[in-house]
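Take a look at the structure set out below.
The values are calculated or read from the model by the stated rules, or taken from the named source; none is laboratory data. Since this is a predicted model, take the numbers as computed values, not measurements. Ideal geometry is used to build each Cβ from the backbone, glycine not excepted, and the neighbour counts take in all protein chains shown. Heads up: the accessible areas ignore ligands, DNA and RNA and are worked out on the full protein's heavy atoms, side chains in. Shrake-Rupley method; radii C 1.70, N 1.55, O 1.52, S 1.80 Å.
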Amino acid sequence: KYKMKNNKYFILPNQYWKHKNHILVLKALEQLGSIWKKKILIVSTGANNDWRYLHHFESIKNYILEKNLKNNYQILGLIDRNDLFNLIYYSIGLVQPSKSEGESGSVEMAKSFNKITLLSSIDVHKEQRPQRSYFYDINDYKKLSIYLIRFYQKFNLLNEKKLVKKSLINNKVVL
């Protein structure tokens, strides 16, 4: 449906508001390009306008083009909620680089699926603390890039489905 560039990906479900810190993820991908041959894909969903910073989304798109990251970063925009559930379910894990946040619904969704969550180390993420969470500073794209490599290499969809199924049963989640 979304013509994914790769079936092995991380999901970044954030609106393109400046404080959501998409640039950190792009810098991590840029870092990876200089040290690793494989192409890691980040699939991004969410509204692309920030009324406080009108040119923010354009600057993100320009950065992707300037740094040649178009094969590593796919923007889907706003999508149906059920599609988001499926994208999270089939992903390697969720990336949440926000500089500030209320409780994150997407982190809770990933938590219910027992997914890997790569979270900025802000207080609310530490409070939500999914079982398989890994933290990095809001400016530490190098640590994020290390996490991306680690979990990309370890990912096995069949094993992941077993973990998710077990988590859904234990949490009594009905889809």
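Summary table below
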read-out: The chain - mean residue ellipticity at 222 nm from DSSP helices (-39,500 (n - 2.57) per run, n ≥ 4, rounded to 500); value: -13500 deg cm²/dmol
read-out: Cβ crowding within 10 Å averaged over residues, with 50-56, 145-151 ranked highest first; value: 145-151, 50-56
read-out: Under Karplus coefficients 6.51, -1.76 and 1.60, residue-wise ³J(HN,Hα) of the range 4-21 in Hz, glycine/proline x; value: 4, 6, 7, 8, 10, 8, 9, 10, 10, x, 10, 5, 7, 8, 4, 6, 6, 6
read-out: Label-to-label distance, nm, for residues given as GLU127 and LYS70 (7 Å Cα→Cβ offset); value: 4.2 nm
read-out: Peptides ranked, highest mean first, by Cβ atoms within 10 Å: ranges 64-76, 9-21; value: 9-21, 64-76
read-out: Where the chain is the region considered: accessible area per residue in Å², 1.4 Å probe; value: 55 Å²
read-out: The chain: radius of gyration over Cα atoms, expressed as a fraction of 2.2 N^0.38 Å; value: 0.97
read-out: Zone residues, the range 1-41, relative to ASN62, backbone N less than 16 Å from point 7 Å out along Cα-to-Cβ; value: 18, 23
read-out: Solvent-accessible area, 1.4 Å probe, carbon plus sulfur percent, for the chain; value: 49 percent
read-out: Binned Cα-Cα distances of the range 1-57, short to long, each 10 Å bin given as a whole percent; value: 21, 45, 29, 5
read-out: Contour excess over end-to-end distance, with Cα ends at LEU78 and LYS3 and 0.36 nm allotted per residue; value: 25.5 nm
